[in-house]
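The values are calculated or read from the model by the stated rules, or taken from the named source; none is laboratory data. What you see is a predicted model, and the numbers here were worked out from it, not measured in a lab. In this analysis, Cβ positions are derived from the backbone assuming ideal geometry, glycine residues included, and neighbour counts consider all displayed protein chains.
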Amino acid sequence: MIYVIDCNEDCRRRTCSIIESEGMQATPLKSGEELLELDLSAVANCILADLRMPGLNGIMILDEVARRKYAPPVVITTAHADFDSAVAALRRGAFDLLEKPLKAMVLIDCLQRAMRAANLTFRAGMRNGQISTQLSLLSEREREVLRLHLQGASSKEIARALDIGSATADNYRSRVMQKLGARSAIDLAEIYCALGLCTSSDVCSTTFPAQQVSVVRTGAWHY
């Protein structure tokens, strides 16, 4: 879904017509206030908002959207493009800035890219919600085992750190993998880092190959 926010009715109608001619769904809104009344987390979507509007303008919409758990891409449109407004919009996370009058091909290309980004963000959010549910199933001791395992500790080292037997440590680790649906240590690392729970000390070369450690440490798995 693409929400088209513009206080000018003709602009809204014309823009929605271009979008729908390419098979995409468009919902016209006359103000930023109308957008804030909507649940943006239900489906993947993006926002096309005019920079200058009464009430909530494009910059304010960027700020409001950024506060939400799911922040869809926001494309800013303006008939008064200048360096300062472009910088302000991009600094606040605008996906792109388009100058009016909108050119159909440029608009569609931008929105297609924005929707691809929106779909990735939406799927990642859904996945993180599932991961959060899975993590909530872990006991405190199982979380400790998970953290130590990701740091590269062996079963004996985990047992010694937690003052339990090696067999018990193995059982805890097996239960952790089963509850999280993980088939390998790399799966565990991906799940842990997907929620931003890992730090540079949470992965160790004794557990993961060097190239995979770099992936975790650089945040490539952080959604």
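As a summary of the residue check, Ala117 satisfies the conditions (1) of a type in the set (Gly, Ala, Ser); (2) part of a helix (DSSP H, G or I); (3) out of contact with any Pro (no Cβ under 6 Å at 6 or more places or on another chain) except for the one numbered (3).
For region 150-160, a residue qualifies if it is in a helix (DSSP H, G or I) and within 27 Å of the chain's Cα centre (by Cα), and exactly one does: Leu150.
Listed here are the residues, each with its yes/no results for (1) closer than 30 Å to Leu48 by Cα; (2) modelled with pLDDT under 80; (3) assigned by TED's automatic domain parsing to the domain that holds Ala71; (4) surrounded by 14 or more Cβ atoms within 10 Å (Cβ to Cβ).
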position: Arg113; (1), (2), (3), (4): yes, no, yes, yes
position: Asn119; (1), (2), (3), (4): yes, no, yes, yes
position: Phe122; (1), (2), (3), (4): yes, yes, yes, yes
position: Ile131; (1), (2), (3), (4): no, yes, no, yes
position: Arg141; (1), (2), (3), (4): no, no, no, yes
position: Val145; (1), (2), (3), (4): no, no, no, yes
position: His149; (1), (2), (3), (4): no, no, no, yes
position: Ser154; (1), (2), (3), (4): no, no, no, yes
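Candidates are the residues of region 66-87 that are assigned to a loop (DSSP other than H, G, I, E, B) and out of contact with any helix residue (DSSP H, G or I) (no Cβ under 7 Å at 6 or more places or on another chain); the one that is nearest to Asn8 (Cα to Cα) is Ala79.
For a quick check of your reading: which strands (runs of 3 or more DSSP E) sit entirely within region 1-65 and have at least 3 residues that are under 23 Å from the mean Cα position of the chain (by Cα) and within 16 Å of Met115 (Cβ to Cβ)?
Once the strands (runs of 3 or more DSSP E) in region 1-65 are filtered for at least 3 residues that are under 23 Å from the mean Cα position of the chain (by Cα) and within 16 Å of Met115 (Cβ to Cβ), what remains is 2-5, 46-50.
Among the residues of region 160-198, those that are at pLDDT 85 or above and of a type in the set (Ser, Thr, Tyr) comprise Ser166, Thr168, Tyr172, Ser174.
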